[in-house]
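Chemist: Here's a structure for you.
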DNA sequence: AAGATATTGTCTGGATACAACATGCGATAT
DNA sequence: ATATCGCATGTTGTATCCAGACAATATCTT
């Protein structure tokens, strides 16, 4: 079929369940399936020309990954994340990712560093084009994951990947804060330079600040959007 | 509130998938389903008097939680964890749990603290009885989760719960091969006392050391057992 | 007319039967 | 002995059916 694997598509053909899960995950991350949308088993099944069983299994998997929420007898929805959720996700990232970077830096090769550099260049060129928001998110994850790749910590990486996925559909929102993106880009270059100098402590510290700043700016952007979207139908009482 | 409703049917309507997943998770954690065991859909289905559909969905969910591994076309198995896996799991715990404790301590009530104290007492009495190893694991998790309960960080807790689950079937090993349980118990009392004094920094620091020590001792115990098993392959893991 | 109560339609949850493969093992043949 | 073939077992996927849960609408009562 035309369902191909996202990463490392090797000879072992993956199950339909995994293929459907990958496709849905991708659509949710890109925002093609918007927040609050219901994921109807039958619609997805007919859309991908599979039966409902792989769809149901894929939904269970995405639920366990934290990407969607399954409400008993009412199906699966893409949950709207509160500013507190965003804060929590970035807080988790700021704890886990520097630890992995610490283990990875001493083992990074020159090829890894130049590969990360290439990603950063693409990053800059894509940043101008407004229709490539999802490409930006993908490149952002690529840059980070290259830096972590030598740590050889699969369980860390599985969690980090899931946490990144959960929030990534909001990077579209984050792009509106252009000054924030410029800062993020500068921080990326600085982090890469510190990795090149094998300055583990400084690189990890900057990475933590980088994640924390990104989380704060996204949280603020989300709060702005939410309050703006509410055209004050009721009392204007807020915490 | 802190107890998962696993006994009987406390919650009126739960999906069969969730029920099967809970039951299997429990059996894996307790070691009733041993490491390396294959989880056959048909056997599980007939055992619980359900069809294979909820079983398959439950297996997908447990796979996403990291508890089991699904090998394409060869079904699901309970993976054997390497000493490096153990190290990684406890490393993740030592990063996440102190952060949650930090947020929870200021909000802990006197009832929470006395509840944790009750758990510690049960803990001591169960420690003597060798047939209550799984009860020990359950009480250990109860103690920790009570201390974290006021942080109100659901995503942290979901990850922490999964990571704890993944390694918990080895606590049985830890009980037999190390004398660290006494130390763990003392550390628990000290942590609880520091929480009572609202000494956030000291409590979090001790918690981190507590987790790191538990991880190191378990890793060593596992390495001993593995090398012993190589010399004497027909030596099971029974007391 | 307003509120309470049926009715209906849609979707999820689950069961059953069946087809299609993949894998491992053992028997057979060279 | 080694290689290959064939079969049993188990997973993976499909098709079809039925039972509940909800939501929206329609109907009935007062």
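Chemist: Just wondering, is there one or more residues in segment A:24-33 that are touching a helix residue (DSSP H, G or I) at 6+ places or on another chain (Cβ under 7 Å) and within 15 Å of DNA strand D (Cβ to nearest atom)?
Modeler: Yes.
Chemist: Restricting attention to segment B:54-69, which residues are without any contact (Cβ under 8 Å) to a residue 12 or more places away in the chain and within 11 Å of chain A (Cβ to nearest Cβ)?
Modeler: B:60, B:64
Chemist: Tell me the residue from A:134, A:145, A:104, A:149 that is within 30 Å of residue B:90 (Cβ to Cβ), surrounded by 16 or more Cβ atoms within 10 Å (Cβ to Cβ) and touching a helix residue (DSSP H, G or I) at 6+ places or on another chain (Cβ under 6 Å), please.
Modeler: A:104
Chemist: Follow-up. Give the residue that is nearest to the other protein chains (Cβ to nearest Cβ), with candidates limited to residues of segment B:70-97 that are farther than 28 Å from residue B:148 by Cα and in contact with a helix residue (DSSP H, G or I) (Cβ under 7 Å, 6 or more places away or on another chain).
Modeler: B:70
Chemist: For residue B:55, all conditions in the list (1) more than 18 Å from the chain's Cα centre (by Cα); (2) crowded, with 22+ Cβ neighbours inside 10 Å; (3) away from DNA strand C (no atom under 16 Å from the Cβ) hold save one; what is the number of the exception?
Modeler: (3) is the only condition that residue B:55 fails.
Chemist: Answer yes if at least one residue in segment B:24-32 is outside any helix (DSSP H, G or I), modelled with pLDDT of 95 or more and surrounded by fewer than 17 Cβ atoms within 10 Å (Cβ to Cβ), and no otherwise.
Modeler: The answer is no, given that none of the residues of segment B:24-32 is outside any helix (DSSP H, G or I), modelled with pLDDT of 95 or more and surrounded by fewer than 17 Cβ atoms within 10 Å (Cβ to Cβ).
Chemist: Sort out which residues of segment A:98-132 are touching a residue at least 60 places away in the same chain (Cβ under 8 Å) and away from chain B (no Cβ under 14 Å), and write them in order of number.
Modeler: Of everything in segment A:98-132, those that are touching a residue at least 60 places away in the same chain (Cβ under 8 Å) and away from chain B (no Cβ under 14 Å) turn out to be A:105, A:106, A:108, A:113, A:116, A:117, A:120, A:123, A:124.
Chemist: Please state which of the following conditions residue A:74 fails to meet, knowing it meets all the rest: (1) under 15 Å from the mean Cα position of the chain (by Cα); (2) at pLDDT below 95.
Modeler: Single failed check for residue A:74: (1).
Chemist: From the residues in segment B:36-51 that are within 11 Å of DNA strand D (Cβ to nearest atom), over 23 Å from the mean Cα position of the chain (by Cα) and not in a helix (DSSP H, G or I), which one is surrounded by the most Cβ atoms within 10 Å (Cβ to Cβ)?
Modeler: Only one residue tops the list, namely B:40.
Chemist: Before we move on, is residue A:140 outside any helix (DSSP H, G or I) and modelled with pLDDT under 95?
Modeler: The answer is no for residue A:140.
Chemist: When you look at residue A:20, is it within 12 Å of DNA strand D (Cβ to nearest atom) and either assigned to a loop (DSSP other than H, G, I, E, B) or at pLDDT below 95 (or both), yes or no?
Modeler: The answer is no for residue A:20.
Chemist: Right, here's the next one. If you go through segment A:52-81, how many residues are in a loop (DSSP other than H, G, I, E, B) and over 20 Å from residue A:159 (Cβ atoms)?
Modeler: So the count comes out to 5.
Chemist: Residues in segment B:167-181: is at least one within 14 Å of chain A (Cβ to nearest Cβ), in contact with a helix residue (DSSP H, G or I) (Cβ under 6 Å, 6 or more places away or on another chain), part of a helix (DSSP H, G or I) and within 30 Å of residue A:63 (Cα to Cα)?
Modeler: yes
The values are calculated or read from the model by the stated rules, or taken from the named source; none is laboratory data. Predicted model only: the values in this text are computed from it and were never measured. All Cβ positions, even for glycine, are placed from backbone atoms using ideal geometry, and neighbour counts span all protein chains on display.
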